[in-house]
1. Looking at 71, 52, 10, which is the one that is under 25 Å from residue 150 (Cα atoms), at pLDDT 95 or above, more than 16 Å from ligand 3 (Cβ to nearest atom) and outside any loop (DSSP other than H, G, I, E, B)?
2. Would you pick out the residues in the range 186-206 that are within 15 Å of residue 170 (Cβ to Cβ), more than 15 Å from ligand 2 (Cβ to nearest atom) and surrounded by fewer than 24 Cβ atoms within 10 Å (Cβ to Cβ)?
3. Given the residues 29, 41, which is the only one that is free of Cβ contacts under 8 Å to residues at least 12 places away in the same chain, in a helix (DSSP H, G or I) and closer than 20 Å to residue 186 by Cα?
4. Return the only residue of 104, 123, 94 being more than 9 Å from ligand 1 (Cβ to nearest atom) and free of Cβ contacts under 8 Å to residues at least 60 places away in the same chain.
5. Return the residue satisfying two criteria in turn: it lies in the range 74-97 and is more than 16 Å from ligand 3 (Cβ to nearest atom) and over 16 Å from the mean Cα position of the chain (by Cα), and of such residues it is surrounded by the fewest Cβ atoms within 10 Å (Cβ to Cβ).
6. Any residue that is at pLDDT below 95, over 21 Å from residue 181 (Cα atoms) and either in a helix (DSSP H, G or I) or touching a strand residue (DSSP E or B) at 6+ places or on another chain (Cβ under 9 Å) (or both) - is there at least one of those in the range 133-146?
7. Within the range 168-179, count every residue that is part of a helix (DSSP H, G or I), modelled with pLDDT of 80 or more and either near ligand 1 (Cβ under 10 Å from one of its atoms) or crowded, with 16+ Cβ neighbours inside 10 Å (or both).
8. What's the total number of residues in the range 55-68 that are within 24 Å of residue 100 (Cβ to Cβ) and in a helix (DSSP H, G or I)?
Ligand code: ADP
Ligand code: MG
Ligand code: MG
């Protein structure tokens, strides 16, 4: 079944909020070991901003929910704030007002999110960034969606690709962001932004299956 259900947008954002809040200490620890240490705080500020976005009442549709996440991240400093902000803005465009995205539209929106992150961040695959988790997830999702897989299986394949790639960032040397200043001493430590991106794809899978 290619359809995503009516509650998809709300579940994506509430699932992701919980997993990012839970992971913030560990993500901060990774950035302390292999960056400048502020990523945990940046995640916390984003989730606090999200709470403020939602204060006035729940968004009406998928686009509204994911736009709230975008606005939350656009208000955060660091490199990740604007990049995640622009990423979610493109992800929100998978569906029009009052609509739920189908799997093909979600795959293309995720691809657009990858493109905007790479346009502004100028990171290629292998530079030890969130792009390393996002790129294989986009490929897996497009392949699965194109071969007629249902939403849960397609997003499951994308999540697995993102998690495997996030783990693989432990072997990479950073060429972008503040982590590039610590060079090879980051070897063995996963990239926190790639881990956060794997949580994003995981939330899409969990929401689709809920
Ligand atoms: P900063 O590096 O400015 O301290 P954060 O700590 O908020 O930024 O975010 C760090 C994460 O952002 C990294 O783990 C990496 O995944 C991601 N990142 C950093 N620079 C880039 C970039 N140029 N393109 C894509 N992602 C990046
Ligand atoms: Mg940092
Ligand atoms: Mg920083």
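1. 10
2. The answer is 187, 188.
3. Checking each option against the conditions leaves just 29.
4. That would be 94, the only listed residue that is more than 9 Å from ligand 1 (Cβ to nearest atom) and free of Cβ contacts under 8 Å to residues at least 60 places away in the same chain.
5. Among those that are more than 16 Å from ligand 3 (Cβ to nearest atom) and over 16 Å from the mean Cα position of the chain (by Cα), it is 97.
6. yes
7. 3
8. Residues flagged as within 24 Å of residue 100 (Cβ to Cβ) and in a helix (DSSP H, G or I) within the range 55-68 amount to 7.
The values are calculated or read from the model by the stated rules, or taken from the named source; none is laboratory data. Computed from a predicted model, the values in this text were never measured in an experiment. Every residue, glycine as well, gets a Cβ built from its backbone with ideal geometry; the counts of neighbours run over all protein chains shown.
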